[in-house]
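Report on one structure; see the data block that follows.
A short reminder: the numbers here are calculations on the coordinates, not readings from a lab. Not measured: the values here are computed from a predicted model. Because the Cβ atoms are built from the backbone with ideal geometry, glycine has one as well, and the counts that use them run over all protein chains shown.
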């Protein structure tokens, strides 16, 4: 049996009569960088909250890291990593102090924590700025520290919420080089974004609209299948033909 | 003729130079996109251009009048949209518009007719009673733009108006900019998105307070030195290690493909030969056009 990072089947979440997530199904493998796309308000955030064990589905089944999202959601939380662009680092503390703080939150301490931080400083090339207060650092550097904080406890799935959206291309490419290395080590990176320039770096993507997944596939194949030039145009044409809410 | 001119502008904060001798000009009926990394000085430049902050030296003129001496006359000509959401979240769409109209002395029938036009323009019509704080990201930005347009400015300064907005809403926002352009407005817009940069008449790449490059999108694309080839192969760690061993080229992952940078003095045939030597003789390779993003990265890296 294939060892999937995320398997969901008919997952729904209703708020009253409104179906924020309307029966989505998906299989995502370890080692895969999966882009979970959709316009503002498509239901991405609600779906992710269910996958992270923060919100109970109204119906549907699934597992994340092998844990049942209906029954074992408490076990999901500590088994995953989460990073968003709004990820809160303490600006007055240095990067290293931030990592020490988050390490203790995950129950790491002493020599083990120190060793893990040294490993991340090396692996994510943080040495140049790890001992400076994070508040004064450029966004691209802060994001690398935020990623280090999210993977301190070696999660096999990391949820990344618009990790590099709106960031300049130089920083973005460096950041993605790091993500590719993590994927090589067997980590599943589950990226939510509505930035097509981020989505292009994913190995596979899905596009969500009005609570449903309208398409899943490799970025280049999706573009080719519609005969368009890029993912941006593909996204717009797919969403437009579904109709908009304004 | 240029409507807005920025000449050798310097802006320092506590010894830090945010804008470092920067010059640019915008003509009527033209859109100039300014792209640059965080901290490049875009926001300082825009604020100085609107007369919102003092600067150390240089000048900004609008219609030939300096912001240093003629702000009173310039203000009615300018529309500014700051980067952060600047509307009143507790006021409705209509109330926000009315408030901004009041600031510029637009009232009565004039206000009513402009309001109707802006509603049609922006697609805000169905949401006029909705509180601004409850609008979607894209709609918020269209309302902010409408507020900046209520006094019919001839120069528009937009600081990352589409950051955080989904692709469809971004396209609709640019449709509005294009129609303002047809009406003869001079527009300066900062954006981190290269797809938007490609739509502008002129582009300025800004870095460390200075101009890195300027030109039409096509002119900037031609600045790229070397070539990019796409190898349609799953970029496994093993393959990447093998490709990295090929001398003189720089492979990098790009989603489900590998892209290979080839320096200007190497031909496609030479690349094919080297790929074959490393066991990639059968791999599908095609040359792809360098995008504005590639140009930007190359220019930045050369710094």
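When you work out D = kT/(6 pi eta Rh) for the protein assembly as shown at 10 °C and 1.306 mPa s, using the Kirkwood radius from C-alpha pairs as Rh and the Stokes-Einstein form, the result is 63 µm²/s.
Which percent, nearest 5, of DSSP beta bridges in chain A are antiparallel?
50
Partner shielding of B:161-172 amounts to 6, given as the average count of beta-carbon atoms from other chains within 10 Å of each residue beta-carbon.
When a/c is below 1.5 the answer is rounded, else prolate if a/b is larger than b/c, else oblate, so apply that to the stretch B:131-172 with a ≥ b ≥ c taken from the square roots of the Cα gyration tensor eigenvalues. Taking the square roots of the gyration eigenvalues as a ≥ b ≥ c, the stretch B:131-172 is oblate. Note on the stretch A:155-240: Cα convex hull, mean projected area over all directions, 6.1 nm².
Take the Cα of residue B:198, go 7 Å toward its beta carbon, and the backbone nitrogen atoms of the stretch B:26-41 under 20 Å from that spot belong to B:31-37. The tail of the calculated P(r) for the stretch B:176-303, taken as Cα-Cα distances beyond 23 Å, holds 45 percent of the pairs. Place a label point 7 angstrom from the Cα of residue A:18 along the Cα-to-Cβ direction, then list the residues of the stretch A:24-42 whose backbone nitrogen is under 20 Å away. So the set is A:24, A:38-42. As a test, work out the antiparallel percent of DSSP beta bridges whose residues both lie in chain B, rounded to the nearest 5. Rounded to the nearest five, the antiparallel share is 65 percent.
DSSP assigns beta bridges within the protein assembly as shown; of those with both partners inside it, close to 60 percent run antiparallel.
Normalised radius of gyration (Cα atoms, divided by 2.2 N^0.38 Å) for the stretch A:24-156: 1.17.
According to the Cα-based calculation, Rg over Rh for the stretch B:72-121 is 0.97, with Rh computed by the Kirkwood formula. Taken over the stretch B:148-219, the ratio of Cα radius of gyration to 2.2 N^0.38 Å equals 1.13. Here the stretch A:120-171 was treated as a single set of alpha-carbon atoms; its pair distances binned every 5 Å from 0 give 4, 18, 29, 25, 18, 6, 0 percent. Per residue, the average separation of C-alpha pairs within less than 8 Å and at least 6 apart gives chain A a relative contact order of 26 percent. The Cα trace of the stretch B:227-301 gives Rg and Dmax of 11.9, 34 Å, the first to one decimal, the second as a whole number. Each Cα pair under 8 Å and six or more residues apart adds its separation to the average, and for the stretch B:1-46 the resulting relative contact order is 36 percent. For chain B, a Gaussian network of Cα nodes joined below 10 Å ranks B:81, B:71, B:266 by mean-square fluctuation, and the top entry is B:266. When the Cα gyration tensor is reduced to axis lengths a ≥ b ≥ c, the ratio a/c is 1.5 or higher for the stretch B:33-139, and with a/b not above b/c it is classed as oblate. Restricting the calculation to Cα atoms, the stretch A:1-100 shows an Rg/Rh of 1.03 when the hydrodynamic-style radius is the Kirkwood one. Given the options A:77, A:212, A:86, state which has the largest fluctuation in a GNM of chain A using a 10 Å cut-off (strictly under) for Cα springs. Sorting by GNM fluctuation, first place goes to A:86. Using a cutoff of 8 angstrom between alpha carbon atoms and counting only pairs six or more residues apart, the relative contact order for the stretch B:2-221 works out to 31 percent.
Does anyone have the angle between helix A:110-123 and the longest principal axis of chain A? Alpha-carbon axes, 0 to 90°, nearest 10? Computed tilt is about 60 degrees. Considering all C-alpha pairs of chain A, those separated by over 28 Å amount to 34%. The angle between the Cα long axis of helix A:95-105 and the longest principal axis of the Cα atoms of chain A comes to about 70 degrees, rounded to the nearest 10. The angle between the Cα long axis of helix B:292-301 and the longest principal axis of the Cα atoms of chain B comes to about 80 degrees, rounded to the nearest 10.
When the helix-only estimate is applied to chain A (DSSP H runs of n ≥ 4, each -39,500 (n - 2.57), divided by the residue count), what is the mean residue ellipticity at 222 nm, nearest 500 deg cm²/dmol?
The helix contribution divided over chain A gives -11000 deg cm²/dmol.
For the stretch B:2-221, the mean projected area of the C-alpha convex hull, equal to one quarter of the hull surface, is 11.8 nm².
Out of B:35, B:232, B:49, any idea which swings most in a Gaussian network model of chain B, alpha carbons joined below 10 Å? With Cα springs under 10 Å in chain B, the top fluctuation among B:35, B:232, B:49 is at B:232.
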